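> Here's a structure for you.
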Amino acid sequence: MTTKGIFLVFLVFHFTTSLFSQETTKPLTDTEIERNVSRLDIEGKEYKNVKVTFKSISPDYYFSDKHKVKVTIVDMDDKKVWKKTLKNTFLYVFSNGQIQVGRPNFNKILIQKKDSGSFIGKIREKEGVY
């Protein structure tokens with residue numbers, strides 16, 4: 001086998017491995033999730049040690065026909081820092097602990113787990129989180 005053949009085989013294995021390693025998930029409905037976040041950036045203002053509660057609400061098709069996610073953020077003194085109901089958005093939870101709120105290909109809220117095990121987050125309602 002020539003070096004071109006070995007390189008081609010390596011390229012094919014690398015391509016198929018990276019193709020199947022991308023994780024996908026479906027939006028959660030009628031679910032409530034809490035995360036203790038060590039650092040959270042809300043529209044440029046940073047908060048430390050907050051509890052974030054996500055509640056996904058399915059449409060009832062009587063009053064509303066859109067999915068909603070209700071987000072409540074409280075600090076260590078149980079004082080509400082931020083509370084909002086995001087309409088026409090979905091709640092996604094991945095196996096590595098990451099949480100995303102938004103529409104496909106547009107995240108408004110992103111909570112990620114760091115290597116140390118703590119969670120950090122970012123909220124950008126208008127411009128999105130990439």
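The values are calculated or read from the model by the stated rules, or taken from the named source; none is laboratory data. On a predicted model such as this, the values are computed, not experimentally measured, just so you know. For neighbour counting, all protein chains shown are included, and Cβ atoms are generated from backbone atoms with ideal geometry for every residue, glycine included. Just so you know, the surface numbers come from the protein's heavy atoms only, side chains and all, with ligands and any DNA or RNA stripped out. Shrake-Rupley method; radii C 1.70, N 1.55, O 1.52, S 1.80 Å.
> Quick one: net charge around I33, please, counting Lys, Arg +1 and Asp, Glu -1 for every other residue with C-beta under 12 Å from its C-beta.
+1
> Heavy-atom accessible area per residue, region 57-130, 1.4 Å probe: how many Å²?
63 Å²
> Okay, next question. Dipole of region 83-125, Cα-centred, from +1 at each Lys and Arg C-beta and -1 at each Asp and Glu C-beta, to the nearest 20 debye?
For region 83-125, the charge dipole is close to 220 debye.
> When we measure straight from the Cα of K48, which lysines land under 21 angstrom away, once same-chain ones fewer than 8 places off are left out?
By straight Cα distance, K48 reaches K70, K79, K80, K83, K84, K108, K113, K114, K122.
> For region 17-114, calculate the relative contact order in percent as a whole number, restricting contacts to Cα pairs under 8 Å that are 6 or more residues apart.
20 percent
> Could you tell me whether region 60-130 comes out rounded, prolate or oblate from its Cα gyration tensor? Rule is a ≥ b ≥ c as square roots of the eigenvalues, rounded for a/c under 1.5, then prolate if a/b exceeds b/c, otherwise oblate.
Cα axes put region 60-130 in the oblate bin.
> Same structure again: If I compute solvent accessible area with a 1.4 Å probe over the protein chains, what percent of it on region 18-130 is carbon and sulfur?
Reported share for carbon and sulfur atoms: 46 percent.
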